[in-house]
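Working notes for the structure below.
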Amino acid sequence: MDFVEEVEERLRAERYGTLARRYLPWIIAAIVAAIVGWLGIWGFDAWRDRNIGQASIAYDKGMVDLAGGDTSGAYDAFAPIAKSGPAGYRTLALMQQANIRLGAGKADEAGALYDAAAKAAPNPILGDLARLRAAQVLMDTAPYAQIETRLKPLAADNRPFALQAKEMLAMAKLQAGKTQEARGDFNALSLTLGVTPGMRARAQGAIALIDSGQAALVGQVVKTAASMPPPSGAMSLGPAGGSPSGAPPAQDSSPDPDQNPPGNAQ
C-alpha cells in the first residue's frame with residue numbers, strides 16, 4: 001500500500017513539474033508585461049506633466065512679450081509650442097500666432113494658422129473657435145462658396161458657436177450680393193431664442209440698413225462689433241469649464257464680445 005502511494009506521489013510530482021515547465025514562462029511573461037505596462041503609463045504621465053509645465057513657461061513668455069508690444073518676440077516664443085506642444089497649449093499658441101499675423105495685415109497666413117489650430121484642438125470649443133476665426137479673416141478675400149463651406153457646419157444648432165457662425169454666414173451672403181437671403185438670415189437671428197442683446201441689435205441694425213438701401217454699411221458695422229475682444233473670463237475652454245491640458249484661455253480670439261460660448265466639451 002505504501003508502495004502504491006509512493007508511485008502515485010511521484011506521478012503527481014512529475015505531472016506538476018510538466019505543467020510548471022509548460023506554463024511558467026507564460027506566467028512570467030504576463031507579470032513582466034504588467035510591470036512594463038505600468039512603468040509605461042507612469043512614464044507617459046511624467047513626460048506629459050513635464051511637457052505641460054515647459055509649455056506653460058514658454059506660453060507665458062510669449063504673452064509677456066505680446067503685452068509689451070514685442071510681436072516678433074512673442075511669435076518666436078509661441079513657435080516651439082505651436083510645433084510640438086501639448087494639444088491645448090499648441091492650439092492656443094497657433095491662435096496667438098494667427099492673431100499676430102492678422103495684426104500685421106497677413107490674412108492668408110493668419111487663416112492657415114487658425115486652420116492648424118483647429119486641427120490641433122483638444123475639444124470642440126477651441127476647434128470651432130479657430131475655424132470661425134479662420135472664416136472671419138478670409139471673408140474679404142475668399143470666394144463665397146469657400147466661406148459657406150467653412151461656416152455651414154459651424155452653424156449647426158449643436159455647435160458651440162452656432163449663433164456667431166449664422167451671423168457671419170448672413171454677412172458673407174450680403175457681401176456676395178445675396179441681399180434678400182442675408183436679410184432673411186438676420187431676421188431669423190434677431191428672433192432666435194438665446195441671442196444676446198448685442199447680436200440682436202446688430203441683426204436689427206443690419207435689416208434697417210438693408211431696407212434703407214445702405215447694405216454696403218452692414219459689413220463694416222457687424223464685423224467691427226464682432227471682432228472686438230471678449231470681456232475678461234468670457235471663455236470656458238476645458239472639459240469641465242477649465243483650460244485644456246492646463247492651458248490658459250486664448251485672448252482676443254472670440255468673434256463676439258457679448259456671447260459666452262456654451263460650457264463644457266472635450
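Values quoted throughout were computed directly from the atomic coordinates according to the rules given, and no laboratory measurement underlies them. Since the structure is predicted, the reported quantities are computational estimates derived from the model, not experimental observations. FYI the Cβ positions are ideal-geometry reconstructions off the backbone, even for glycines, and counts take in every protein chain you see.
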What is the ratio of the Cα radius of gyration of region 45-122 to 2.2 N^0.38 Å, where N is its residue count, to two decimals?
-> 1.06
Computed from the beta carbon distance with a Förster radius of 22 Å, FRET efficiency for T196 and N158 to the nearest 0.05 stands at 0.70
Just how large is the dipole of region 91-231 about the Cα centre, in debye to the nearest 20, putting +1 at every Lys and Arg Cβ and -1 at every Asp and Glu Cβ?
-> 100
Determine the gain in length on full extension of the stretch A176-D70; use 0.36 nm per residue of separation and subtract their C-alpha separation, reporting nm with one decimal.
-> 34.4 nm
Taking the alpha-carbon centroid of each part, what is the distance from region 110-129 to region 88-109 in angstrom?
-> 10
Over 23 Å between C-alpha atoms is what I'm after, so list which of K83/K152; K119/K178; K83/K166; K119/K152; K119/K173 land there.
-> K83/K152; K119/K178; K83/K166; K119/K173
May I ask you to compute the full-extension gain from A188 to E148, defined as 0.36 nm times their residue separation minus their alpha-carbon distance, rounded to one decimal in nm?
-> 12.6 nm
